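Structure record follows, encoded as structure tokens.
The values are calculated or read from the model by the stated rules, or taken from the named source; none is laboratory data. Computed from a predicted model, the values in this text were never measured in an experiment. With ideal geometry, Cβ positions are generated from the backbone for all residues, glycine too; neighbour counts draw on all protein chains shown. Please note that ligands, DNA and RNA were not included when accessible areas were found on the heavy atoms of the full protein model with its side chains. Shrake-Rupley method; radii C 1.70, N 1.55, O 1.52, S 1.80 Å.
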Amino acid sequence: MANAHGVERTLTDKINYMAEQGHVVTLVTYEQGQHPYVFELSPKVDCVDLDCRYFTLYKYSFPKRLKEQCGMKRRFKRALRQLVAERQPDVLVTTTYEGIFMNAVMSLRHHVRIIIESHTAFTHDMMGGSLMRRISNYFYLNTLKKCYLLMALTKGDAVCWQQHITRVSSVPNPVSFYCEHVDLQNREKGRIIAVGRYHPQKRFDRLIDAFSKIAAKYPLWHIDIFGEGPDKEALQMQIDQLGLSDCIHLKSPTKDIQSEYLRSELFVFSSDYEGFGLVLIEAMACGVPPVSTDCPFGPSEIIENRVSGLLCEMSVQDLADKMEWMIAHDEERRQIALNAHQAVARYQKNIVLKAWEVAYSLN
């Protein structure tokens, strides 16, 4: 909860809503430490940190790391069991299903309903990869089958999970803000915005390559990418090598991303996979027309192609073509912006968070 990512944002929205509805809510972290919560929590939310800082294991050599990890897993399990025994919750919700945590969580299933939220794509997390990864995923799935309910963010992801888990449902994420009226006039001319972690999943390298194909034809257009992550240096090197440092800028995350959307004329979503696409609906809620890869899962359930946005193949050339179409067609782009704004009204908090409350069977 110390990072300004989509999961943290939507989790905060849900926690605050549940607490304000009168539910007794405890936020349990395991390595928050003294880090402040990046998004403001309701004073009605009780916060407990189990102080199991797994990230510290990487300072050890491999043999000692394994030993320390086993000890930390035992401490995590013991602390979680004690907390559940004290609080006696009706529902335990987790946004991760990593093996090092799930064995401890699932050991509680006779005492509390366990709901797992899938915030990424089944096709990425549970399919393909090396032999060792496939074996590991097999055991993960057997563990996850013990949950009370698995919640996906899209219908497409839910269908994948339903082939392995009996109780699966889907509710989307809520948009964190929704502008009742959007002003398309006072925008920064030619500004394209992209938002996300500097991580291979987001494929900002594809966005940079795509823009390099059209940048010379549209010198007034430029891209601001907001994020942080391990790929930042490589992406900056790519920008420099393509001679695009004057028109593509890597920017740090901001807590006021809404203001950045409201300054922009086009939003580009270049991912290989997504659990949903929170930044996509945020941009649309601010009247920013989107160009998005048709990746699993999310964009095709959010965007009506050529009505509320453009969907493209997961290729550099098609992304470049769709971006150029948006740039070259001013009137159509503005109409798509208005359509996009209307299309995501269904993701407003008062609608979606009530659906989450029902899904948790808390109403």
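Here's the yes/no breakdown for (1) farther than 17 Å from Phe226 by Cβ; (2) modelled with pLDDT of 95 or more; (3) open to solvent by 20 Å² or more (accessible area, probe 1.4 Å):
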position	(1), (2), (3)
Val168	yes, yes, yes
Pro172	yes, yes, yes
Cys179	yes, no, no
Val182	yes, no, yes
Gln185	yes, no, yes
Glu188	no, yes, yes
Ala194	no, yes, no
Tyr198	no, yes, no
Phe204	no, yes, no
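Restricting Arg74, Arg53 to residues that are open to solvent by 30 Å² or more (accessible area, probe 1.4 Å) and out of contact with any Gly (no Cβ under 9 Å at 6 or more places or on another chain) narrows the list to Arg74.
Where strands (runs of 3 or more DSSP E) fall wholly inside the range 210-298, the ranges with 2 or more residues that are farther than 20 Å from Gln348 by Cβ and free of Cβ contacts under 8 Å to residues at least 40 places away in the same chain are 222-226, 248-251, 290-293. Taking the listed residues Ala121, Ala104, Ala158, the one that is surrounded by 14 or more Cβ atoms within 10 Å (Cβ to Cβ), within 18 Å of Ile302 (Cβ to Cβ) and in contact (Cβ under 8 Å) with a residue 24 or more places away in the chain is Ala121, with no other qualifying.
Scanning the range 72-108 for residues that are over 14 Å from Asn142 (Cα atoms) and either part of a loop (DSSP other than H, G, I, E, B) or among the polar types (S, T, N, Q) (or both) turns up Gln82, Gln88, Pro89, Asp90, Thr94, Thr95, Thr96, Leu108. Among the residues of the range 34-50 satisfying the criterion of being loosely packed, with under 12 Cβ neighbours inside 10 Å and at pLDDT below 85, which is farthest from the chain's Cα centre (by Cα)? The qualifying residue farthest from the chain's Cα centre (by Cα) is Gln34.
Per-residue answers, yes or no, for (1) more than 17 Å from Val175 (Cα to Cα); (2) in contact with a His (Cβ under 9 Å, 6 or more places away or on another chain):
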| position | (1), (2) |
| --- | --- |
| Glu282 | no, no |
| Ala285 | no, yes |
| Val288 | no, yes |
| Asp294 | yes, no |
| Glu301 | no, no |
| Glu304 | yes, no |
| Leu311 | yes, no |
| Leu319 | yes, no |
| Arg333 | yes, no |
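In the range 316-330, the residues that are hydrophobic (A, V, I, L, M, F, W, C) form Cβ pairs under 6 Å with partners that are open to solvent by 60 Å² or more (accessible area, probe 1.4 Å) and outside any helix (DSSP H, G or I), at six or more places apart or across chains, as follows: Ala320/Lys213.
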